[in-house]
Amino acid sequence: MKLCDIEHQDFLIQCKGIDDITRAHNDGKIAFIPAFESCTMIENELDRLDILYGLGIRLLGITYSEANSLGAGLNEKGGGLTAFGNKAVERLNKLGLAIDIAHCGDQTSLDVIEASSKPIFISHAGARAVWQTNRMKPDDVIEACAKKGGVIGIEAA
């Protein structure tokens, strides 16, 4: 329903690809990127990623704070990307869905960066060296993301 409403707005464009970002910029509009902060809803069905892509979603977080079938969230101690999570990362890359690790645990974040054939996003976080909380990312995760060409969005938390 939200995407239907967005389709009728004159001040933004639903972003389905890079060209839409450029077009929005050139037209003085906002590029709206439909996203979910977690893949929890796919449970153990990779085909659900295809459905989400078909619905217009273009960015998916692997976890949201708690663990799911893909990996450990930032509230979990230890744990990383699961075997199913590795398959999901591969499918996300194939579909062209951007991957976000903003709410993933440290090991899951590192595992996703390594497993992905494409750069990943830390859409909203900060440096744990500045604020010592699991919500922020440690230097090794930030550096690994940057080395892979990823995008890091700084959160003012």
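The values are calculated or read from the model by the stated rules, or taken from the named source; none is laboratory data. Being a predicted model, the structure only gives us computed values, none of them experimental. Don't worry about glycine lacking a Cβ; one is built from the backbone with ideal geometry, like all the others, and counts go over all protein chains shown. Ligands, DNA and RNA are stripped out before the accessible areas are found, and what is left, the full protein with its side chains, is counted by its heavy atoms. Shrake-Rupley method; radii C 1.70, N 1.55, O 1.52, S 1.80 Å.
Using the beta-carbon distance between N134 and E114 and R0 = 22 Å, what value does 1/(1 + (r/R0)^6) give for FRET efficiency, to the nearest 0.05?
Result of the calculation: an efficiency of 0.60.
Is the shape of the range 8-89 rounded, prolate or oblate, going by the alpha carbon gyration tensor and its root eigenvalues a ≥ b ≥ c, with a/c under 1.5 for rounded and a/b larger than b/c for prolate?
The shape class here is prolate.
Within 10 Å, count the other beta carbons around each residue, average over each peptide in 99-105, 50-56, 62-68, and list them highest first.
Highest-to-lowest ranking by the protection proxy: 99-105, 62-68, 50-56.
Keeping every protein chain present and rolling a 1.4 Å probe, give me the accessible area per residue for the chain in Å².
With all protein chains present, the chain gives 55 Å² per residue.
In this model, which of K2/K77; K16/K77; K16/K87 are farther than 28 Å apart at the alpha-carbon?
Result: K2/K77; K16/K77 exceed 28 Å.
Determine the relative contact order of the chain: mean sequence separation of Cα pairs under 8 Å and six or more apart, normalised by residue count, in whole percent.
Relative contact order comes out at 15 percent.
Working with all protein chains in place, sort K148, K137 by solvent-accessible area computed with a 1.4 Å probe, largest first.
If we order K148, K137 from most to least accessible, we get K148, K137.
Taking 0.36 nm per residue of separation and subtracting the Cα-Cα distance, what length does fully extending N75 through Q9 add?
20.0 nm
If each residue of separation counts as 0.36 nm, what is the full-extension length gain between K2 and K29 once their alpha-carbon separation is subtracted?
Extra length available between K2 and K29 comes to 8.0 nm.
Given H placed on each backbone N at 1.01 Å, which residues far from Q14 in sequence or on other chains put an amide H within less than 5 Å of it?
HN-HN under 5 Å from Q14: F32.
Given a 1.4 Å probe and the protein chains all in place, what does the accessible area of L3 round to, in Å² to the nearest 10?
Rounded to the nearest 10, the figure is 40 Å².
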